[in-house]
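Asker: Below are the structure tokens for one structure; questions will follow.
The values are calculated or read from the model by the stated rules, or taken from the named source; none is laboratory data. In this text the structure is predicted, and so the values were computed from the model without any measurement. Every residue, glycine among them, receives a Cβ derived from its backbone with ideal geometry; neighbour counts consider all protein chains shown.
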Amino acid sequence: MKNLLSLEKLPVADIEKILRDAAVLKRERTRVDRKPLAGQTWALLFSKSSTRTRVSFEVGIRELGGDAFFLNANDIQLGRGEPIKDTARVLGRMVHGAVIRTYAQNDIEEFAEFSKIPTINALTDDEHPCQILADIFTFKELRGPIAGKVVVFIGDGACNVPRSWIFAAAKLNFELRIAAPKKFQPSAQILKRAGGKIICTDNLEKAAQGADVLYTDVWVSMGKESEAAERMKVLAKYQINEKVIHLAKSGALVMHCLPAYRGKEIDEDVFEANAETIFTQAENRLHVQKSILNWAVS
Ligand code: CP
Ligand code: NVA
């Protein structure tokens with residue numbers, strides 16, 4: 001039994017296994033003899049909105065032979081102040097695994113410790129490991145190995161998605177450049193913890209030169225809504241548009257974890273021109289998370 005709480009703590013060998021098995025699960029999606037979750041019931045416990053993560057986990061768990069139910073954290077006693085560790089001990093005696101989307105990273109770590117069942121991070125304020133594993137899977141599928149390549153993240157460089165990219169870069173040996181205003185760059189402490197080749201700059205034009213991937217995420221992450229007006233102003237220049245694409249390598253992938261806000265972090269025409277890549281990225285959440293579930297119960 002294993003937990004996926006962060007990319008920071010996930011060994012390279014496990015990343016490689018998850019990505020390898022995801023390719024098989026994608027190719028052989030209709031095979032009915034792979035049911036590693038047969039007889040199991042999994043809880044999806046979410047404190048924030050979700051389309052892709054919720055649907056891909058619900059479908060994925062069922063395709064692997066298990067059953068899943070969704071709990072909005074506000075609908076259960078957790079929302080009225082019952083401690084995480086008590087919620088975890090109750091669920092741990094009833095269900096076989098948990099997929100959790102919440103705010104504090106510490107809450108998911110506490111849940112895993114007290115529930116003693118496989119626990120998967122479906123996004124916290126700190127990390128979004130399932131997303132970045134699916135993104136790397138998508139890159140490999142479309143362009144081959146990611147080692148030695150240049151991934152450029154543009155926008156809010158201090159949120160969960162770039163942070164998981166930071167930990168992936170050091171482990172998988174690619175260069176990560178983060179183009180963000182100073183205020184939205186990752187902390188020196190995170191960069192030190194990760195190691196690897198990571199460049200942070202507020203110069204978007206310089207960062208985008210020769211990129212293999214241009215990647216972005218929303219300017220206003222869930223939980224940061226009160227900062228929306230300031231973020232719109234400070235991040236206004238950090239958009240993927242035609243001008244930025246011309247600086248990247250020809251054939252560079254444009255990726256977005258979604259949901260996308262056109263005219264903000266990405267230009268409408270650029271989004272639609274790259275929709276095939278972006279929605280393949282979304283679909284791959286399903287295949288990669290099935291692989292994560294299979295890994296977690298083995
Ligand atoms: N990218 C992503 O995690 O999407 P959802 O918030 O819709 O799950
Ligand atoms: N950084 C975004 C990711 C959404 C999938 C957020 O946390 O809202």
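Asker: Take the stretch 247-261 and flag every residue that is of a type in the set (A, V, I, L, M, F, W, C) and within 16 Å of ligand 2 (Cβ to nearest atom).
Answerer: Passing the criteria: Met255, Cys257, Leu258, Ala260.
Asker: Filter the stretch 169-218 for residues that are closer than 22 Å to Arg262 by Cα and of a type in the set (Ser, Thr, Tyr); which is surrounded by the fewest Cβ atoms within 10 Å (Cβ to Cβ)?
Answerer: Across the stretch 169-218, the extreme among qualifying residues is Tyr215.
Asker: Name the residue, out of Asp125, Asp86, Asp107, that is acidic (Asp, Glu) and touching a Gly at 6+ places or on another chain (Cβ under 9 Å).
Answerer: The match here is Asp125.
Asker: Kindly indicate which of Ala68, Ala43, Ala98, Ala73 is in contact with a strand residue (DSSP E or B) (Cβ under 7 Å, 6 or more places away or on another chain), within 20 Å of Pro129 (Cβ to Cβ), of a type outside the set (Phe, Trp, Tyr) and modelled with pLDDT under 95.
Answerer: Ala73
Asker: With a cut-off of at least 3 residues that are more than 16 Å from ligand 2 (Cβ to nearest atom), name the strands (runs of 3 or more DSSP E) lying wholly within the stretch 1-113.
Answerer: 41-46, 67-72
Asker: Can you tell me which residue in the stretch 147-168 is surrounded by the fewest Cβ atoms within 10 Å (Cβ to Cβ), limited to those that are within 20 Å of His256 (Cβ to Cβ), without any contact (Cβ under 8 Å) to a residue 40 or more places away in the chain and not charged (D, E, K, R)?
Answerer: Ala158
Asker: Only residues that are within 7 Å of ligand 1 (Cβ to nearest atom) and in contact with a helix residue (DSSP H, G or I) (Cβ under 7 Å, 6 or more places away or on another chain): list them for the stretch 37-52, please.
Answerer: Arg52
Asker: Against the conditions (1) part of a loop (DSSP other than H, G, I, E, B); (2) within 16 Å of ligand 2 (Cβ to nearest atom), where does Val161 fall short? Just the number, please.
Answerer: Of the numbered conditions (1) part of a loop (DSSP other than H, G, I, E, B); (2) within 16 Å of ligand 2 (Cβ to nearest atom), the odd one out for Val161 is (1).
Asker: Report, ordered by the first and then the second residue, all pairs with beta carbons closer than 8 Å, sequence separation of six or more or different chains, a first member in the stretch 253-266 that is assigned to a strand (DSSP E or B), and a second member that is of a type in the set (Asp, Glu).
Answerer: Leu253/Asp212; Met255/Asp135; His256/Asp217; His256/Glu265; Arg262/Glu268
Asker: Considering only residues that are touching a strand residue (DSSP E or B) at 6+ places or on another chain (Cβ under 8 Å) and free of Cβ contacts under 8 Å to residues at least 40 places away in the same chain, look in the stretch 169-179 and name the one that is nearest to ligand 2 (Cβ to nearest atom).
Answerer: Only one residue fits best here, namely Ile178.
Results for (1) among the hydrophobic types (A, V, I, L, M, F, W, C); (2) over 19 Å from the mean Cα position of the chain (by Cα), shown as yes or no for each residue.
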position	(1), (2)
Val12	yes, no
Ile18	yes, no
Val24	yes, yes
Val32	yes, yes
Gly39	no, yes
Asn72	no, yes
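Asker: Still on this structure, please answer the following. Could you tell me whether any residue of the stretch 128-135 is over 23 Å from Glu205 (Cα atoms) and more than 16 Å from ligand 2 (Cβ to nearest atom)?
Answerer: No, there is no match, as no residue in the stretch 128-135 is over 23 Å from Glu205 (Cα atoms) and more than 16 Å from ligand 2 (Cβ to nearest atom).
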